[in-house]
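Asks: Pasting in a structure now, in structure tokens, and then I'll have a few things to ask.
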Amino acid sequence: MEKEKDAIDAVVEWIRASHNTVVLTGAQLSEESGVPDFTSPSINPPISEFRGSREARASYWARMKELYPLLASAKPNAAHEALYRMEVLGYLNSLFTLTVDGLHQRAGSSFVMELLSTVLWIVCTQCGKGYDLSSIQDRLEKGEDVPACESCGGDLLKPEISFPGQPPPHWELREEWMKLRGCDLFMAVGANLDVQPASSLPSMSKEQGARLVIISQTETPADDFADAVIYGNPSDVLSFIVERLREGMEYS
Ligand SMILES: [Zn+2]
């Protein structure tokens, strides 16, 4: 614990000194809020199967219908709130997330780059019309098994997140790379960092001369070359860091 405290002290100083802090959050934040991993192949079928089989689409929507209440009732946790407070205090310049549940926005964060897109917005892959997941859920509850598009009549609706066999959403990635330029402190929080392309962000930030901080419950592939690694619950660690940042402001 002494070692962790030293690391936290250092991180607080780095945040204060930074001109451009980028935070990347990951699945551990969703888990703490009780949200299932909607990017998992256990929920999402391979895209070819989804496109090719009405039965596969029906079973996908049956799973979504069952999981939806967990998503709808999930609340932002202390990690989401701490990041919102960092933004308000002026200590957070960009927030990237690998989560797809919208909890950062619900905690108040205003600029959230969802690198894997979101599960809350459903798009017709044939004509592009978009739907709130809640409206699709209403239709599933009324008995539709495969929701059809109200505009073109097709039944290939899906969230924009990648299903197995689909490339990651490129547009977001370009944005992300642009914003990483000039970043001098990169913090990966609650992200397992084991899936490309997000897993290359820590090394990219190091190559650009940024300090790298990892806050995670479990080891990550980036730990070896990070400037500080804090193993712990992201909520506890971030709350503590924000508390320290606020103290510093009162004294200055
Ligand atoms: Zn359509």
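The values are calculated or read from the model by the stated rules, or taken from the named source; none is laboratory data. Just so we're clear, the structure is a prediction, and the values are computed from it rather than from any experiment. All Cβ positions, even for glycine, are placed from backbone atoms using ideal geometry, and neighbour counts span all protein chains on display. These accessible areas exclude ligands, DNA and RNA; they are computed on the full protein's heavy atoms, side chains included. Shrake-Rupley method; radii C 1.70, N 1.55, O 1.52, S 1.80 Å.
Asks: At a 1.4 Å probe radius, carbon and sulfur cover how many percent of the accessible area of the chain?
Replies: On the way: 5940 of 11770 Å².
The value for the chain is 50 percent carbon and sulfur by accessible area.
Asks: Then there is this: Just to verify a number: FRET efficiency for Asp138 and Asn20, C-beta to C-beta distance, R0 = 41 Å, to 0.05?
Replies: Working: r = 42 Å, r/R0 = 1.03.
My answer for the efficiency is 0.45.
Asks: Antiparallel as a % of all DSSP beta bridges within the chain, to the nearest 5? Mind dumping the intermediate values first?
Replies: Numbers: 6 of 27 bridges.
Taking every DSSP beta bridge with both residues in the chain, the antiparallel ones total about 20 percent.
Asks: Hey, another quick one. Just grab the label-to-label distance for Glu13 and Glu55, each label 7 Å out from Cα along the Cβ direction, in nm (one decimal).
Replies: Here the modelled spin labels are 6.4 nm apart.
Asks: Which order do Trp61, Trp14 take when ranked by solvent-accessible area (1.4 Å probe, heavy atoms of all protein chains), largest first? Walk me through the numbers before you get to the answer.
Replies: On the way: Trp61 0, Trp14 50 Å².
Most to least solvent-accessible, the answer reads Trp14, Trp61.
Asks: Report the extension gain between Ser203 and Met113 in nm, rounded to one decimal, defined as 0.36 nm multiplied by the number of residues separating them, less their alpha carbon distance. Walk me through the numbers before you get to the answer.
Replies: On the way: separation 90, 0.36 × 90 = 32.40 nm, distance 1.91 nm.
Full extension of this stretch gives 30.5 nm more.
Asks: So, for the chain, what is the accessible surface per residue at a probe of 1.4 Å, expressed in square angstrom? Let's see the in-between values first.
Replies: Working: 11770 Å² over 252 residues.
On a per-residue basis, 47 Å².
Asks: Right, another one. Do any GluC sites (Glu not before Pro) in segment 147-232 lie in a DSSP loop with no more than 16 other beta carbon atoms within 10 Å, and if so, which? Don't skip to the end; give the middle numbers.
Replies: On the way: sites: Glu150, Glu160, Glu172, Glu175, Glu176, Glu207, Glu219; in loops: Glu150, Glu160, Glu219.
Counting only loop positions with at most 16 other Cβ atoms within 10 Å, the GluC sites (Glu not before Pro) in segment 147-232 are Glu150, Glu219.
Asks: Which whole-number percent gives the relative contact order of segment 33-154, counting Cα pairs below 8 Å spaced six or more residues apart?
Replies: Details: 124 pairs, mean separation 26.8, N = 122.
Relative contact order, segment 33-154: 22 percent.
Asks: Evaluate the distance, in nm, between pseudo-label points positioned 7 Å from the Cα of Arg106 and of Asp6 along their respective Cα→Cβ axes.
Replies: That separation, rounded to one decimal, is 4.0 nm.
Asks: Convert each backbone phi in segment 200-208 into a coupling constant with the Karplus relation 6.51 cos²θ - 1.76 cosθ + 1.60 (shift: θ = phi - 60°), then list the ³J(HN,Hα) values in order as whole Hz, x for Gly and Pro.
Replies: Along segment 200-208, the couplings run 8, 4, x, 5, 4, 5, 5, 4, 7 Hz.
Asks: Okay, next question. Please enumerate, by chain and number, the lysines with C-alpha under 27 Å from the C-alpha of Lys179, excluding those fewer than 8 residues away in the same chain.
Replies: In chain and number order, the partners are Lys206.
Asks: Considering amide H positions built from the backbone, and no H for Pro or chain starts, which residues 5 or more places from Val229, or on another chain, come under 5 Å of its amide H?
Replies: Ile214
Asks: Straight-line reach only, C-alpha to C-alpha below 18 angstrom: list the lysines that Lys158 could link to, leaving out same-chain residues fewer than 8 apart.
Replies: Excluding near neighbours in sequence, the set is Lys65, Lys129.
Asks: Still on this model: Once you measure Cβ to Cβ distances between cysteines in the chain, which Cys have no partner under 4.7 Å?
Replies: If one checks each Cβ against the other cysteines of the chain, Cys183 turn up with nothing under 4.7 Å.
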